[in-house]
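One structure below.
Read-outs throughout are calculated quantities, based only on the coordinates presented, and are distinct from any laboratory measurement. Fair warning: this is a prediction, and the values are worked out from it, not measured in the lab. Cβ: placed from backbone, ideal geometry, glycine included. Neighbour counts: every protein chain shown.
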Amino acid sequence: MNNTFTPLVLGFIGNGKSTNRYHVPFVLSRKDKIKVKSIYQRKLGQSAWASVPGVVYTDDLEQVLQDPEIHAVVVCTPTNAHYSMARQVLLAGKNCVVEKPFATTTEEAAELFRLANEKGVTVQCYQNRRFDSDFLTTQQVISSGRLGKLFEVNMHYDYYRAYVPEQETEYRRDNAFLYTHACHTVDQVLSFFGKPQEVRPDVRQLLGRGRMNDYFDLDFLYDGWKVSVKSSYFRAKSRPSFEVYGQRGMFVKAEQDRQEADLKKFYLPDHDDFGMDLPEHYGTLIYYDEAGKYHEEKVPSVRGDYARYYDALYETILHGAPPLVTQEQTMEQMRILSEAGKDLA
């Protein structure tokens, strides 16, 4: 009997905030089955992030791409390099994970999937926000049936970061709010609710034509109900993360998932209470039961955990499980974003 255990071995392209905040801390929480071997940085020694013990840092990309031990390479570069770097990974015959947004055009996305299929490897977008606490809790409430027939779901992902669009003097697709932030919430919609019958976009440049895209409002229409995804850089007070309205009640989750807030304070997943909501962060469920009795209660939050993306990747690459983020979902998202942003300039 062969009891040899094979860990999933990863390499990373990029050594900035994405790699060190949103990936490596979660991979390190799965040391029993996943290993980071190498991180490629174009200019060694210029990262503000501390080195991870046991990881090889290199400015030779081929050292990562040609390493026979590495099963998958994760692309964590600026958006405008996602396609070119992912293409190099796939041409080297490696499985590939690409940070959001997956690409900047549907044509680029389609080419990456074509190349992966040709090489017999996988390529996926890193949709870690499927494991946000607020999103998982909202799914649980909807699935319970206590709201009855759904009428409306509102999803907000707001900031007050006026300096971001104010410092941009021209429109660029690679830093458009639609591509860099709707890629989170649109995936949540597609992963849980499925493909809509229609999408009605309202995408704006609040500071004027030719400036940065800093606002979007996307309505996903289903059979008799809709999901609205709204975000802006000019929200001094954020709207509730989720609002769900049904025939028999409503659910409001005001507070966003807390993993990102903890990460920004360098409070990492090795803490038992990492990312966990306190009771004051719980959502409120109001509904009428079948006897017409009124109920109002706090709903304990489902724990979020971005490492679950890597759990799924482990199963896909080493055990042949279906990919968590499918080609169809990624291409549908790219189509929606491209169509919504077609008039931006």
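Structure notes:
- Residues whose amide H falls under 5 Å from that of Glu255, counting only those 5 or more places apart or on a different chain, are Ser241, with hydrogens built in the peptide plane.
- Sparse packing (at most 11 other Cβ atoms within 10 Å of the Cβ) combined with a DSSP loop state is found for the following GluC sites (Glu not before Pro) in the range 56-144: Glu69.
- Once the mean of 1/r is taken over each pair of separate Cα atoms and inverted, the chain shows a Kirkwood hydrodynamic radius of 21.4 Å.
- Enclosed volume per residue, in Å³, of the convex hull spanned by Cα atoms of the range 8-126: 93
- Taking the DSSP bridge list for the chain and keeping only pairs wholly inside it, about 60 percent are antiparallel.
- Cut-off of 10 Å, at most 12 other beta carbons, DSSP loop: longest stretch of the chain lacking such chymotrypsin sites (Phe, Trp or Tyr not before Pro): 6-265
- Electrostatic bookkeeping for Gln124 treats Lys and Arg as +1 and Asp and Glu as -1; over the other residues with beta carbon under 13 Å from its beta carbon, the sum is -1.
- Distance histogram in 5 Å bins (all Cα pairs of the range 108-221, percent per bin): 2, 9, 16, 17, 17, 15, 12, 8, 4, 0
- Counted charge near Tyr306, where neighbours are those whose Cβ lies closer than 13 Å (Asp, Glu -1; Lys, Arg +1): +1
- In loop segments of the range 202-273 as defined by DSSP, the trypsin sites (Lys or Arg not before Pro) with at most 12 further C-beta atoms inside 10 Å of their C-beta are Arg209, Lys237, Lys265.
- Cut-off under 5 Å, modelled amide H: who pairs with Val56 long-range: Ser38, Ile39
- Qualifying GluC sites (Glu not before Pro) in the range 244-345, where qualification requires a DSSP coil assignment and no more than 12 other C-beta atoms within 10 Å, comprise Glu290.
- Estimated [θ] at 222 nm from DSSP helical runs (n ≥ 4, -39500 (n - 2.57)) normalised by residues in the chain, nearest 500: -8000 deg cm²/dmol
- All other residues whose Cβ lies under 14 angstrom from that of Pro322 are scored, Lys and Arg at +1 and Asp and Glu at -1, for a net of -3.
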